[in-house]
1. Answer with yes or no whether residue A:204 is surrounded by 15 or more Cβ atoms within 10 Å (Cβ to Cβ), within 30 Å of residue B:65 (Cα to Cα) and of a type outside the set (A, V, I, L, M, F, W, C).
2. Filter region B:13-32 down to the residues that are under 22 Å from the mean Cα position of the chain (by Cα) and closer than 19 Å to residue B:1 by Cβ, then identify the one that is modelled with the highest pLDDT.
3. I need every pair where a residue in region A:53-78 that is closer than 19 Å to residue B:27 by Cα has its Cβ under 6 Å from the Cβ of a residue that is of a type in the set (Ser, Thr, Tyr), sequence separation at least 6 or different chains.
4. Select from region B:12-29 the residues that are surrounded by 11 or more Cβ atoms within 10 Å (Cβ to Cβ) and more than 22 Å from residue B:46 (Cβ to Cβ) and write down the one among them that is farthest from the other protein chains (Cβ to nearest Cβ).
5. Here is a check on your reading of the model: is residue B:39 of a type outside the set (S, T, N, Q), away from chain A (no Cβ under 14 Å), over 14 Å from the mean Cα position of the chain (by Cα) and in a loop (DSSP other than H, G, I, E, B)?
6. Any idea how many residues of region A:182-191 are touching a Lys or Arg at 6+ places or on another chain (Cβ under 8 Å) and of a type in the set (D, E, K, R)?
7. Out of (1) touching a Leu at 6+ places or on another chain (Cβ under 6 Å); (2) in contact (Cβ under 8 Å) with a residue 60 or more places away in the chain; (3) closer than 18 Å to residue A:193 by Cβ, what's the single condition that is false for residue A:247?
8. With B:57, B:73 as the choices, which residue is at pLDDT 85 or above and within 16 Å of the chain's Cα centre (by Cα)?
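The values are calculated or read from the model by the stated rules, or taken from the named source; none is laboratory data. Everything quoted here is computed from the prediction, not taken from an experiment. Positions of Cβ are generated from backbone atoms using ideal geometry, with glycine treated the same way; all protein chains shown enter the neighbour counts.
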Amino acid sequence: MNFKNELERQCFEIAEHALGANVTIEHNKSLEIESALFPEVASFKGPPTKEVDVLVAELLSDPRVVLLVSCKSLARPAEPAHIQEWGAVVQTMNRYSDSTLYFGLVLSATGFTDGCEAWGTSHNLGIVPPLKGRRLTFNEDTVLRMFERVLRALQVRARLQVDDLRAAPAFFDFVYRLVADFEGHQEGTADGRYFLAPQGWASSFGEMYSTIGGRKVQELWAFDTGAVMELSGGIAVRFEESSVHFGHDPEITKGTPRIPQCVKNIDLEPCTLELVKSVVVGKSITSAGDFGDYLEIGLDQRFNLGLHGGGFHLISTETPFEQHQL
Amino acid sequence: MLVTRDGEPIQIELIVDRLRQQRERVLADDEIGLVIYVGDLTVYSLEPTESGEFLARHVTEISRPRFATRVLRKQIGATVLSVTVDAVFVVKDAGALRKVRAERLEPGMVLASGDKVYR
């Protein structure tokens, strides 16, 4: 199969991976309507034609539902004219369709100009990436991930119910809802510090705390990869200074053991790992703070346990400090 | 806020946990979040209007993003609303109407409904 550019090839491979074999690419394709029996298109020369480049993805075979995708690899953001053109294509295909339902989607690796949203809404076209209130730039990988998400969701949706997406702007809104949350994801994962296991998904401090908050500490280890804390419910956290991995994944608690550096109290006096464990095991996480070079966990609102790259610290937070030395 | 046809509040955590098991309903469950189809169920969302009343809209999908969109508090007329930054309002502008997203809604603007934006 020939591709006009790299974006088109990637879109095709993503569509084929998501939907199976019912995906084709057509270049300079003459638009052929299903029925030429309508008075306005009947002529001695046959129905009117228009040439387009299109990625055709069949979402459902019975009743037939097809997505027509226009992949725009432009130096600048796509303009309203691109949306209008695709709107006309999809509208024509639907108007002269025997039974197939066509939806249209425009993907532009460089995004869209402001006026495109209004045309996408009125033509009921999906646009990827979305236009948001603020100027956001999504890189091409993110745009392609949006495309894959839309395809997979759309195929499931087509099997359940699709008629309600016919009327504008229902399909535009459906696609928008699926891709709009990439904004929060992009912002939340910008620092690349937190990772949810076992998927390896980029995460955030907030998600980490909502995963570990309230759980009891069951075990502590020090590995060559960092300090590890096993919690109730099969959750574990590994602190590696530059990154924090957490989640329900036994791989987190694996590594080459090493002798940890453990300290206690405000004065950071040396202590053993056994002493730290004797205090913290069985206690619940009540707070957390990321201090950059260590992660500090509050336990039962009485102790602070610090996870460092090379070990742990433990401090009693009860006052007066002098009377609550460990 | 999600409610039933009778206006009874729906515990979103419970319904999401239950429906998540029905894989044929799951439109997306990935690093971005969870989207579940509920169009065949009688689930409605109560959305505040500029006049302070609530409008019940039939919900077709429940979305649980892992990274939520920012929420703003806006006072419009006598009502204080929580809206996402990209919620769209229609405002009067020199005799014409134009759309403005919540994050660009400025104090002093007047909505098409006649309500004034205070903050």
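1. yes
2. Filtering first and then ranking leaves B:19.
3. Within 6 Å, the pairs are A:66/A:100; A:66/A:102.
4. B:20
5. No: the conditions fail for residue B:39.
6. 1
7. (2)
8. B:57
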